[in-house]
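The values are calculated or read from the model by the stated rules, or taken from the named source; none is laboratory data. Predicted model only: the values in this text are computed from it and were never measured. All Cβ positions, glycine included, derive from the backbone under ideal geometry; neighbour counts span all protein chains shown. Side chains included, ligands, DNA and RNA excluded: accessible areas come from the protein's heavy atoms. Shrake-Rupley method; radii C 1.70, N 1.55, O 1.52, S 1.80 Å.
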Amino acid sequence: MEVIRSQKRTVSNDVVSTPTLPLYLTAPPMEVRLEEFELFAIDRLRVLKGVSDGLARGRNPNEMDDLVETLWKEHMRLSDVSEMINKDIISHFVLRLVYCRSDELKKWFLSMETALFRHRFRLKKIEEQRAIVGEFGLPYKAVIGAELESLKERLGLVARSLGQILSDVENIYYKVPFEEVPDLVAGRRVLLQKGYAFVAGSQLVSLVVTQFRSHLSKALILTNRKWTTTIREREKDRLTPIVEALSTSYLGPDYTQSNEYADISLKDIDQVSKSSFPLCMRHLFEKLREDHHLKHGGRMQLGLFLKGVGLKLDDALAFWREEFTKKVGSERFDKEYAYAIRHNYGKEGKRTDYTPYACSKIITSAPGAGDHHGCPYRHFSEDNLKAALSRMGLSSRGMEDVMDKVRNKHYQLACTLTFEAVYGTSCDTGINHPNQYFEESQKILKSKTPTAPV
Amino acid sequence: MTREEIENNGEDMMIDDSKPKIENDFNVHYLRIYYGNLFPYTDIHKWLSYGHDGKHPGCDEYYFGRREFSFTLENDVYLRYKSFKNASVMEDAIKSNFPYKIDIGAVYSVDPDKRHAYAHSGTNLFTPVERELVFDIDITDYDDVRYCCSGADVCSKCWPLMTVAIKVIDTSLREDFGFKHILWVFSGRRGVHCWVCDAKARRLTNEQRSAVAEYFRVYKGNENNAKKVDLMGHSLHPFLARSYVDFLKNFFEGELQATQSIFSSKEKYEKILGMITDEDIQSDLRGKWENSARSSLSEEATSRLRWEQLKKTLQSKKNKALSLRTCVEEIVFTFTYPRIDLEVSKQMNHLLKAPFCVHPKTGRVCVPIDPNNCDEFDPLAVPTLSQLIEEINSGGLRMDVDDDDSDRSLLGKSIKFFRSSFLEPLLKSCKEEIESSYKTKIAKTKDSFSW
């Protein structure tokens, strides 16, 4: 891809033969105008941000399909089909440059591009889907004859277990090594036998998405290498400033550095937990005070949150020590738990200053036996959630609104409604990070009583 | 130093479990003797070399040296990133440190000892390249469904939960995933570990490991939700159906009912009623059971009767709601289905305790368990350090495991099983793989000469 300043752009003839869903396997030979470089990337970024929002709000796959279709039309559509494909390809490769530059950026980009690809793929007709599978050069054959007969009954059981009816007219099954379809295996959505998964035609998306993801992941590493060794320096007056500006715009604050609103001391922490913590953290905090212990997931979620809230390392050590020594004794605390706390603050090991978890991460976590982390709106039973909400001071009317959101799996909207009910104001941006909840809450409380501790 | 009287001779190791013995037979002195004479260094080295013994030109002589080990010493000193060039270096290291615990990690791209040399370049060149697929099942994760013990204790009433877990997981690993080289090991106190050693398993990525762990995951709960198994009313996936029919159903209705009497008290049966999503059915059964609270039946008989009543009621009402159709299975799964520690399985760099270590709290050796005979395994009969030491003292200092008496020595039996059932078939398969991939490589280089 060559970036030029001229007014005209030469459109390569290759473009006409590319399918409508590019796989981005290689950067095609085309010229890009400098203005397009930035504009196309921004439009695609709007799409990716929309995808990210949709996922965080717990939209189901069908809803995501619709959302992607809408987003794509809104931001990426052009009157000429081949121009549209160009924009698609160009914007993807520009964003690769932007998002290859750190592990966190890579992870976000990989997740969003994969999700985008997945839903665009789902929107295609079956013949187009099969063609795309062919593009990847996957060697899988359909299961036929005696082998199919021997599996039919169990294939039917799998379909029924998913609430589907097995229609053997439309459905072809592909015999694929189980490693190629991890998400289908994880969800028990396929029959497994001796290391092979039997993937239905309607599940092809899984196969393709795994390939897409794997390819993009490797490509990002290569792109990063090229960027750091040659491109960044060579383009320092032209493309590099654009690239560097693009990545910071859409991810939101990460709360690694706490600001002046949030500097809490140990003596205030109990009061602050009742007045400003979101439900997830309040629950963890209460359980910690009650049991004098939290399992690993809870320690991470609460510990990083407290760091984001402004708890300094020494205070954090004192805080956790105070609780844990009631149960495990001071020697065990020093041996087994203190290291991990220091690790979270970037004082041990590879010295990464870990960022507090955002709602999307907390919602997708999987608390098990003895755990108290996770998102209460998702992980609590209705009764427990209602009890917790009433302890936060919600009226029964307010609670019904929240529960309605929960039943529709809009966990962050539920938390936002809780926030609005507790503080009597509206929160237009919506809650997507526990530390955001805390900061917004502190802003409101401090504006009411500027000097008293809240 | 007092010696506990051992009640019976070396053959029959059953200990009366109604009076649990507190055996204070773990100490550094015994541990030295154990690592000096009994620990099977050669076998462990052979296993972890996976055929790379240098005898074939296709062997990677540095393979063993890229494996991470960790030692936990007395006073909880923890040493990570240990690696050994060969068996005798490993043996020397263990004999000079006498670790309380030895963990096995992954095989890395470079020698863990030299990892810092590769750290400067920005991209991470020190990464795991191979690691067994491992599972860890710990009986404390079942505390909400076992009434005889809790926490670190285990007895003959609740241990069968581990037995049924082994059967379910082992069958699935072989039948569904096609794995063949599977080692089950007693964790020394209250659980089991599973090492899947096929080449395919060792090369799985974190995402693929996560997928396998999630495939096995059914129980999703903690004290914050009442219903921890949700099969969503549809029919069961063939894996779950097979597990239910072949293992779980009979275990629940047979042994579990006999030992745990899960309906016999109000506190116990309320927990089960909470799993039924229909409030009318709950009240119906509650009413019946409150009235029969003072019957003359034994705890076990009461429990069985109530289970039959529950099944009958659900059967008659099953068309009322989709969620009721799999309620019976959900209850059985909640009490009996394996609960694995997902985090252990998901990451390649996770360390796991080595087989044939000695557990510091119980003094018991982490011996292999035969999955085809796991009903016979008794965790309270596993050889302890003091028993092994006494055996050495009474039989002479050298324990030569290769002679025909090996069946009668306490540890010899385990080592023999390790070799014949696991190690030999594994090494045979590894050799074949090394040979065939070497042949392929040679063939390729021959081809590349044609311009």
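Computed values, structure above
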read-out	value
Selection within the stretch B:163-210 - farther than 29 Å from B:Cys149 by Cα and among the polar types (S, T, N, Q)	B:Thr205, B:Asn206, B:Gln208, B:Ser210
Number of positions in the stretch B:169-192 that are in a helix (DSSP H, G or I) and away from chain A (no Cβ under 14 Å)	1
Residue pairs meeting the criteria (Cβ under 9 Å; at least 6 apart or on separate chains; first touching a residue at least 60 places away in the same chain (Cβ under 8 Å) and part of a strand (DSSP E or B), in the stretch B:356-382; second open to solvent by 30 Å² or more (accessible area, probe 1.4 Å) and among the acidic types (Asp, Glu))	B:Arg364/B:Glu23
Filter pass, B:Ala201 being part of a helix (DSSP H, G or I), buried (at least 20 other Cβ atoms within 10 Å of the Cβ) and within 12 Å of chain A (Cβ to nearest Cβ)	yes
Residue among B:Ser210, B:Ser156 that alone is of a type in the set (S, T, N, Q), facing chain A (nearest Cβ under 8 Å) and not in a strand (DSSP E or B)	B:Ser210
Enumeration of residues in the stretch A:179-229 that are open to solvent by less than 30 Å² (accessible area, probe 1.4 Å) and at positive phi	A:Gly195
Among the candidates B:Gly36, B:Gly65, B:Gly51, residue that is buried (at least 18 other Cβ atoms within 10 Å of the Cβ), assigned to a helix (DSSP H, G or I) and over 24 Å from the mean Cα position of the chain (by Cα)	B:Gly65
Verdict on B:Lys227 being within 12 Å of chain A (Cβ to nearest Cβ) and either surrounded by fewer than 20 Cβ atoms within 10 Å (Cβ to Cβ) or assigned to a loop (DSSP other than H, G, I, E, B) (or both)	yes
Single residue of the stretch A:99-123 satisfying the filter (farther than 20 Å from B:Glu207 by Cα and touching a residue at least 24 places away in the same chain (Cβ under 8 Å)) that is surrounded by the fewest Cβ atoms within 10 Å (Cβ to Cβ)	A:Leu123
All helices (runs of 4 or more DSSP H) inside the stretch B:230-336 with 2 or more residues being away from chain A (no Cβ under 14 Å), touching a helix residue (DSSP H, G or I) at 6+ places or on another chain (Cβ under 8 Å) and not hydroxyl-bearing (Ser, Thr, Tyr)	B:257-260, B:266-273, B:279-291, B:299-316, B:327-336
A:Leu394, sole failed condition from (1) open to solvent by 30 Å² or more (accessible area, probe 1.4 Å); (2) away from chain B (no Cβ under 14 Å); (3) of a type outside the set (S, T, N, Q)	(1)
Qualifying position, being open to solvent by 50 Å² or more (accessible area, probe 1.4 Å) and modelled with pLDDT of 90 or more, among A:Lys448, A:Lys386, A:Lys409	A:Lys386
Selection status of A:Glu400, acidic (Asp, Glu) and within 14 Å of another protein chain (Cβ to nearest Cβ)	no
Flag if A:Gly137 is of a type in the set (Gly, Ala, Ser) and within 14 Å of another protein chain (Cβ to nearest Cβ)	no
Residue within the stretch A:214-224 that is farther than 16 Å from A:Arg96 by Cβ, among the basic types (Lys, Arg) and without any contact (Cβ under 8 Å) to a residue 60 or more places away in the chain present	no
Among (1) farther than 25 Å from B:Arg217 by Cα; (2) modelled with pLDDT of 95 or more - the single one B:Phe135 does not satisfy	(1)
The stretch B:314-345, subset in contact (Cβ under 8 Å) with a residue 40 or more places away in the chain and among the small types (Gly, Ala, Ser), residue farthest from B:Cys158 (Cα to Cα)	B:Ala321
Subset of the stretch A:412-421 [modelled with pLDDT of 90 or more and among the polar types (S, T, N, Q)]	A:Thr416, A:Thr418
Residues within the stretch B:107-127 that are at pLDDT below 85, in a loop (DSSP other than H, G, I, E, B) and not aliphatic (A, V, I, L, M), tallied	3
Residue pairs meeting the criteria (Cβ under 6 Å; at least 6 apart or on separate chains; first among the acidic types (Asp, Glu), in the stretch B:144-170; second modelled with pLDDT of 90 or more and buried (at least 19 other Cβ atoms within 10 Å of the Cβ))	B:Asp170/B:Pro371
Exclusive hit being within 32 Å of the chain's Cα centre (by Cα) and farther than 30 Å from B:Phe177 by Cβ, set B:Thr336, B:Thr259, B:Thr326	B:Thr259
Any hit, the stretch A:124-142, residues being at pLDDT below 90, open to solvent by 30 Å² or more (accessible area, probe 1.4 Å), closer than 30 Å to B:Phe239 by Cα and assigned to a helix (DSSP H, G or I)	yes
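For every residue, the table says whether it meets (1) farther than 16 Å from A:Pro139 by Cα; (2) acidic (Asp, Glu); (3) within 10 Å of another protein chain (Cβ to nearest Cβ).
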| residue | (1), (2), (3) |
| --- | --- |
| A:Gln193 | yes, no, yes |
| A:Ala200 | no, no, no |
| A:Leu207 | no, no, no |
| A:Arg213 | yes, no, yes |
| A:Leu220 | yes, no, no |
| A:Thr223 | yes, no, no |
| A:Lys226 | yes, no, no |
| A:Ile231 | yes, no, no |
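To keep it simple, each residue is scored yes or no on (1) within 24 Å of the chain's Cα centre (by Cα); (2) polar (S, T, N, Q); (3) more than 23 Å from A:Phe438 (Cα to Cα); (4) within 13 Å of another protein chain (Cβ to nearest Cβ).
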| site | (1), (2), (3), (4) |
| --- | --- |
| A:Gly303 | yes, no, no, no |
| A:Gly308 | yes, no, no, no |
| A:Phe319 | no, no, no, no |
| A:Glu331 | no, no, yes, yes |
| A:Asn344 | yes, yes, no, no |
| A:Ser360 | yes, yes, no, no |
| A:Gly370 | no, no, yes, yes |
| A:Ala387 | no, no, no, yes |
